[in-house]
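As structure tokens, the structure follows; a few thoughts come after it.
The values are calculated or read from the model by the stated rules, or taken from the named source; none is laboratory data. These numbers were taken from a predicted model, which means no experiment stands behind them. Neighbour counts run over all protein chains shown; Cβ positions are idealised from the backbone, glycine included. To get the accessible areas, we keep the full protein, side chains included, count just its heavy atoms, and leave off ligands, DNA and RNA. Shrake-Rupley method; radii C 1.70, N 1.55, O 1.52, S 1.80 Å.
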Amino acid sequence: MPFLSFGSKKGKVRKMLESDQIGQVVEEAAKDKKIREALFELLQDSNPGIVGDALLTITMVMENNPDVIRPHFTEETVKKLLSLSESRNPYVRENSMVLLYRLAKDMPEVARKYWPLFKSEAERVLKEGDANQKGFMMVLIGELGMKELGGLVEDFVNVEDKVILPFEGKKWVKLGDIARETLEKLV
């Protein structure tokens, strides 16, 4: 092992994720900023399995050690997470949704910092997204307390389309039910 470690640890972290060592990466990320940086770098990886694993690992680090991960949430990171929540790959999409939800729930100060970004993305998705994306965005709107988007959410109250979201109790749920639940949170 070299005396001083310079540069990115992206290759090391990638190999660990490929070897199913997520627990080890979580432990090391809690102590090593370069490991955490590598996880965020891997969100750009061409292999969706690696991207999904990086998202899952970041979520686990955030749950165990929110203070070490908080500084890594930049505007660029949040934009990337929002775009990954629309991925065609279900593993990437679901892990991104879970991470964004945890971010909104556990680090509301970070979400508030990027409020305009969340707001514009929520408006776009509610107009252009597919049913699952719209359902997820309504969950996020409710969690973030984005009252100014209540009017857009109301448009979905009578929608019968069912969605599958990666959250407890959100499998095969009507968009209308999610809209009503969101509106209750916005009161």
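Tally up the residues in region 42-71 that are surrounded by fewer than 16 Cβ atoms within 10 Å (Cβ to Cβ) and over 23 Å from GLU109 (Cβ atoms), please.
Total meeting the criteria: 4.
In this structure, is GLY11 under 21 Å from THR77 (Cβ atoms), modelled with pLDDT of 95 or more and part of a helix (DSSP H, G or I)?
When the stated conditions are applied, GLY11 does not pass them.
Taking region 81-92, which residues are open to solvent by 50 Å² or more (accessible area, probe 1.4 Å), part of a helix (DSSP H, G or I) and out of contact with any Pro (no Cβ under 8 Å at 6 or more places or on another chain)?
SER83, PRO90
For VAL110, are the conditions met, namely being surrounded by fewer than 22 Cβ atoms within 10 Å (Cβ to Cβ) and either touching a strand residue (DSSP E or B) at 6+ places or on another chain (Cβ under 8 Å) or not small (Gly, Ala, Ser) (or both)?
Considered against the rule, which asks whether it is surrounded by fewer than 22 Cβ atoms within 10 Å (Cβ to Cβ) and either touching a strand residue (DSSP E or B) at 6+ places or on another chain (Cβ under 8 Å) or not small (Gly, Ala, Ser) (or both), VAL110 comes out as yes.
Which of the helices (runs of 4 or more DSSP H) found entirely inside region 121-187 contain at least 2 residues meeting this: under 20 Å from VAL98 (Cβ atoms)?
131-144, 175-186
Within region 115-129, is even one residue touching a strand residue (DSSP E or B) at 6+ places or on another chain (Cβ under 8 Å), of a type outside the set (D, E, K, R) and at pLDDT 95 or above?
no
Looking only at region 132-187, how many residues end up being among the polar types (S, T, N, Q), open to solvent by less than 70 Å² (accessible area, probe 1.4 Å) and over 20 Å from MET107 (Cα atoms)?
The total comes to 2.
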